[in-house]
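Below: one structure, written as C-alpha cells.
Bear in mind these aren't lab numbers, they're just calculated from the coordinates by the rules spelled out. All values derive from a computational prediction rather than experimental measurement. Cβ placement follows ideal geometry from the backbone for every residue including glycine, while neighbour counts extend to all protein chains displayed.
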Amino acid sequence: MTVGHAFKWAATALLIAGCASMGAAGSRATAALAPTAGNSTAGTVTFTRNGDRVRVVAEISGLAAGAHGFHIHEKGDCSASDATSAGGHFNPGNQPHGNPAAGAHHAGDMPLLIADASGNATIDVTLSTISIGSGANDIVGRAVVIHKDPDDFKTQPAGNSGARIACGVIVAA
C-alpha cells in the first residue's frame, strides 16, 4: 500500500466515524405545545440525544404559578379539545407511574414543571428512559402533555395531575 493510499483510507475512515458520531449525538426531536380548549398554555419542548440519554429542554408560558405534571403520552394525537386523544402515559416497559428521579416509573414520566408568578416555566433535564428515532422507547410520533395540577408521583396510573392544558406532537427535527 502506498503512503497516499493509506492516507486516503485513514481520512475516509475518520470521515465516516465522524459522520456516524454526529448522527448519534445530534438526533433531535421537537414538540410545539398548543393549549387545549379554555386554556392559554403554549411552548416548545426540544429533545436532543446525548449518547444513550436524551436532554429535554422546555420553555412554557401561560401556566398558573406553581407545579404542573409534564409527561410524554403514548399517542401523537392532540386533536381532541381536551387532549385525551393523546392516550395515557408512554409506558413501553409496563412500569408503575412514578418519579423519574427515583425508582420504577413510566418512560414518559418527567419532572414537574414549576411556573413562576408570571406563568412561565423552563426545564432542562436529561433522561435515560426515552430514545429518539429507534427502539421500544422511541418518542417520535408521541405527544407531550402538560397538566393543570402537580404530579404526586404516586397515584396510579397518572399521578393525579388533573386536566390536560397543553399538548404537542413530537416530531423528528
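Quick notes on this structure:
- Dmax and Rg, reported as Rg then Dmax, of the stretch 101-173 (C-alpha, Å): 13.2, 39
- Under 17 Å from the I123 label point (7 Å along Cα→beta-carbon), backbone N, the stretch 63-80: 63-75
- Quick note on the stretch 25-172: its Rg to Rh ratio, both from C-alpha atoms and Rh being the Kirkwood radius, is 0.93.
- Full-extension gain in nm, A173 to D149, via 0.36 nm per residue minus C-alpha separation: 5.7 nm
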